[in-house]
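Colleague: This is the structure I have questions about; it appears just below.
The values are calculated or read from the model by the stated rules, or taken from the named source; none is laboratory data. Only a predicted model underlies this, so the values are computations on that prediction, with no experimental measurement involved. We place every Cβ from the backbone using ideal geometry, glycine too, and count neighbours over all the protein chains shown.
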Amino acid sequence: MDIEGVHDLYVTDPPYGDAVKYEEILDFFIAWLRKSPPPEFADWVWDSRRSLAIQGEGEDFRRGMVAAYKRMTECMPDNGIQVIMFTHQSGSIWADMANIVWASGLRVTAAWYVATETESALRQGSHVKGTVLLVCRKRQGTHKTTRDDLAWEIQEEVESQVQALTGLNQEAKGLYRDENVFEDADIQMAGYAAALRVLTRYAVIDGRDMTAEALRPRVKGETTFVDGLIAFAVSTANQCLVPQGIPKPHWDKLSGAERFYLKLIEMEARGAKALDNYQNFAKAFKVRDFSALMGSQKANRARLKSAVDFGRTEMSEASELHQSVLRAVLYAIMELVKNLDGSEVLAHLTLNVPNYYGDMTQRELAVELADYLAKKLETLRPDEATAARVLRELVKHQRLG
């Protein structure tokens, strides 16, 4: 990369990971313009030249990125800044970016998340709505740390980042809009950025020279040291994503399987169907076998089991939903859909919820979960949404004692 002189600021938007295939986008404009080209394009060769397109992946491209950013680092003063615009949902790509920052002699000092996508019916679901602006400065000194200490730092940083974005969502909803400013995919990506802020502070981790580690070629299929730390960061971010409508004190008491089901119902209600979402949240919530909770595991048409799908299954001690309030509520919804009498439904619920009469928070949780499911299932399964509302009222007005 040919750079002359010293510059205080560099702003780059690298085409990393082939997130946008520009040579394919060019075909659209070629088809549009070639029939009546503007005078300025009279001698233009109408060919996207795909075979010559630079591919934003592979070892050669990664080393080229390192060379480019290293050269920019050499050509900026000690108080200079580099801003890298980065958007990607792949953990391995973010790990590569961490390695590029390390190998270039930089560190991430701030990460600003900016909403850049307009609202569109074509982009509903769990799509990224923004871009991370990574603010990088020269890495001074050789700070050292251990992986154990790093894990605590990453957890604190990621939790702080997630709280900031979810707080903005709540403020925006209270002021002027119904939809989220940031979706779960955005918050996951912000978790990656927060991890980079922590990771790139250090030159040595667990005795490893991270600059040398960063330059080591990536072996296909290998999970590197940095991959593991980045995966930990996004898992931490996922655990912080409390669905709207469930108070955090109750959320904290739920099992991993309950959290998984309730979180993914929320995502399904927004149109998310990618199996990757289920796999990622299963890891985050430490669900042993999420397939037992799935109605479909097709790549882009995945979905959870409905209350009717569950029927009388997942009630035994072997199930991760055994003796959970959620399973009891789903069972009651199934019975109501099948037109069982309300008094019988309540009788079964009191038996299925542990310590129903002894611990009033259990009953409160049943009401909250029924209300939550009624709202989320409205478009997915209206009959179950209606049953959930009926159950909510039955429990709220149940005579005790």
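Colleague: Give region 290-319 a look and list any residue that's crowded, with 21+ Cβ neighbours inside 10 Å and more than 25 Å from Thr386 (Cα to Cα), or say none.
Modeller: Once the filter is applied, which keeps residues that are crowded, with 21+ Cβ neighbours inside 10 Å and more than 25 Å from Thr386 (Cα to Cα), region 290-319 yields only Phe290.
Colleague: Can you tell me how many residues within region 134-146 are farther than 19 Å from Ala103 by Cα and of a type outside the set (S, T, N, Q)?
Modeller: The total comes to 0.
Colleague: Conditions first: (1) loosely packed, with under 11 Cβ neighbours inside 10 Å; (2) at pLDDT 75 or above. Asp13 passes all but one, so which condition is the exception?
Modeller: Single failed check for Asp13: (1).
Colleague: Scan region 375-401 for residues that are among the polar types (S, T, N, Q) and closer than 23 Å to Lys263 by Cα and report the count.
Modeller: Residues in region 375-401 being among the polar types (S, T, N, Q) and closer than 23 Å to Lys263 by Cα: 2 in total.
Colleague: Right, another one. Residue check: is Leu400 farther than 28 Å from Glu268 by Cα and either aliphatic (A, V, I, L, M) or touching a residue at least 12 places away in the same chain (Cβ under 8 Å) (or both)?
Modeller: Yes, satisfied.
Colleague: Determine the pairs where a residue that is more than 16 Å from Asp371 (Cβ to Cβ), located within region 262-275, has a partner that is of a type in the set (Phe, Trp, Tyr) with Cβ atoms under 8 Å apart, the partner being 6 or more residues away or on another chain.
Modeller: Lys263/Phe281; Lys263/Phe285; Leu264/Tyr278; Leu264/Phe281
Colleague: Among the residues of region 364-397, what is the count of those that are surrounded by 15 or more Cβ atoms within 10 Å (Cβ to Cβ) and of a type in the set (S, T, N, Q)?
Modeller: Total satisfying the criteria: 1.
Colleague: Just give me the residues in region 257-272 being modelled with pLDDT under 90 and crowded, with 19+ Cβ neighbours inside 10 Å, in sequence order.
Modeller: Answer for region 257-272, where residues must be modelled with pLDDT under 90 and crowded, with 19+ Cβ neighbours inside 10 Å: just Ala272.
Colleague: Identify all residues within region 279-296 that are in a loop (DSSP other than H, G, I, E, B) and at pLDDT 95 or above; write none if there are none.
Modeller: Within region 279-296, none qualify.
Colleague: Could I ask something else about it? Please find, among Leu380, Leu365, Leu373, the residue that is in contact with a strand residue (DSSP E or B) (Cβ under 9 Å, 6 or more places away or on another chain) and assigned by TED's automatic domain parsing to the domain that holds Gly295.
Modeller: After ruling out the rest, the residue left standing is Leu380.
Colleague: Now for a separate question. State all residues of region 227-246 that are closer than 29 Å to Leu369 by Cα and of a type outside the set (A, V, I, L, M, F, W, C); if no residue qualifies, say none.
Modeller: Ser235, Thr236, Asn238, Gln239, Pro243, Gln244, Gly245
Colleague: So, Leu254, is that one at pLDDT 85 or above and crowded, with 23+ Cβ neighbours inside 10 Å or not?
Modeller: No.
Colleague: In addition: Give region 126-146 a look and list any residue that's modelled with pLDDT under 90 and surrounded by fewer than 15 Cβ atoms within 10 Å (Cβ to Cβ), or say none.
Modeller: Gln140, Gly141, Thr142
This table checks each residue for (1) aliphatic (A, V, I, L, M); (2) in contact with a helix residue (DSSP H, G or I) (Cβ under 8 Å, 6 or more places away or on another chain); (3) in a helix (DSSP H, G or I).
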residue: Leu349; (1), (2), (3): yes, yes, yes
residue: Asn355; (1), (2), (3): no, yes, no
residue: Gly358; (1), (2), (3): no, no, no
residue: Leu369; (1), (2), (3): yes, yes, yes
residue: Leu373; (1), (2), (3): yes, yes, yes
residue: Glu384; (1), (2), (3): no, yes, yes
residue: Val390; (1), (2), (3): yes, yes, yes
residue: Leu394; (1), (2), (3): yes, yes, yes
residue: Leu400; (1), (2), (3): yes, no, no
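Colleague: Pairs only if they're at least six apart or on different chains, beta carbon under 6 angstrom, first in region 26-38 and free of Cβ contacts under 8 Å to residues at least 60 places away in the same chain, second surrounded by 10 or more Cβ atoms within 10 Å (Cβ to Cβ); list them, first residue then second.
Modeller: Close Cβ pairs satisfying both conditions: Leu26/Ser48; Asp27/Ser48; Ile30/Trp46; Arg34/Trp46.
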